[in-house]
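Values quoted throughout were computed directly from the atomic coordinates according to the rules given, and no laboratory measurement underlies them. Note that the structure is predicted; figures quoted are calculated from it, not measured. Here Cβ is always computed from backbone atoms with ideal geometry, including for glycine, and neighbour counts include all displayed protein chains.
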Amino acid sequence: METWVNFLNGIIWSPVLIYLCLGAGLFYSILTRFVQVRLFSEMWKLLLSGKSSEQGISSFQALTVSLSGRVGTGNIAGVAAAIGFGGPGAVFWMWLVAFLGAATAYAESTLAQIYKEEQEPGGQYRGGPAFYIEKAMGQKWYAWLFAVSTIVACGFLLPGVQANSISMAASMAFGSGDLIETSFGVLSQAQILTGTIVVLMLGFIIFGGVKRIAYVAQVVVPFMALAYILIAVVIVLLNVAELPRIFGLIIGDAFTPMAGVGAAIGWGVKRGVYSNEAGQGTGPHAAAAAEVQHPAQQGLVQAFSVYFDTLFVCSATAFMILITDTYNVQLGEAFLVQNIAADIAANGPSYTQMAIESVMPGVGNPFVAVALFFFSFTTILAYYYIAETNVAYINRVFHIPGLDFGLKVVILGATFYGAVKTANLAWALGDVGVGVMAWLNIIGIIIIFFLSKPAIKALKDYESQRKQGVEHYVFDPVKLGIKKADFWEKKHREAPISEHGEI
């Protein structure tokens, strides 16, 4: 099975997709006049403002829900894999895909806001690529293809990656325990116990709905991310004299890479997209659930989440690994760099655990295990919410009984399965899911631009109102020539006259 999945990944993650990810980021960066730089201060302002409602969550909650999807095992194990297979130069390409990807995140998240729906009077806001592909492109078959692909990816393929990393980190930190013969093969007590605990906690939360997911994410994600970055800062400060060497290693290897240009760019972009999810189409689902005055506002908040994920959390991991030399660089069966034992897998949290352990003995293994548990667990929650949103999209037409319940059962089973399987298979399955979604979503948002430019029109409208110093932003899609933005058309019609008169 692993051989077949790797063959499939070779097709999906061809150089075409890698350059499509970078190209889409550059495309929207130019179109928005590098909004990720120009409006950085506005991102901070919006991040701390906004309120939730009965129908939607706040901008900050939407950010943390999307961050719970972005900040996961990709930030710890994914960065290690990028360095282990692509060399230190892969980190540079992760940075580049984050910088350019912030513009992509703005575009896809703004589209999700423009074309979101209110499930029923007084119900939850729903939106995402399936919704905006149907409405802006007018291609229901393509929207359905994305919805089904996302349900399979987020409900079955991706949760196993997160659960697997939790299981590996727990085994390294607390020991594997006795081996037990099961129908899944010979498993350790740690694998079985970890899988069971994660499944029980996951079940309790996902049966509580999106509000419960948002409340958990807004508490857990910022706290653990800040704690993780603080540990990284301490390690860097203790080795501050090494910092120029590390920057030189990353920049120099980006263009004359030890593992080959294709390997550095390929692994950097692949793990960058896996980590920050810009262009993948997952972030827009949380963005659509936010209660905002103008669609562009949530687009800007989501653009900031890409910065936070890659430039802060991923960089923290990279610096810890490189500054302590706790990594190998492998090309096929040969090692181009070997600082640690050959049997330590790059597709896991071991490099990061060893990095912290080398500076803070007795801290690294348990700390990374706990951090990875929270990062990965909240990512699984985000995956469930994304899959559930696409189930809701399908149920708009077919109303299939028990589909919601079936999704819950599948994601719980996939999570346990991932916790007890090998890391290479779990990551390979996850890469299939990420790649298919990225192909469908990036092509979709580029086509939508050429059809009607809704995300760019929204940005220009928002900046125009911002220059006028309005206190309450309004969004009139009809005035901007944006069709089928039904939610916003209704909201604009029902708005008080005083709001319309502010512009």
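What is the Cα convex hull volume of the range 332-444 when expressed per residue in Å³?
Numbers: hull volume 17.1 nm³, N = 113.
For the range 332-444, the hull spanned by Cα atoms encloses 152 Å³ per residue.
Taking neighbour counts of Cβ atoms within 10 Å as a proxy for exposure, in what order, fewest first, do Y19, Y384 appear?
Least crowded to most crowded, the residues run Y19, Y384.
Modelled label-to-label distance, K140 and N6, 7 Å Cα→beta-carbon offset: nm?
Here the answer is 4.3 nm between the modelled labels.
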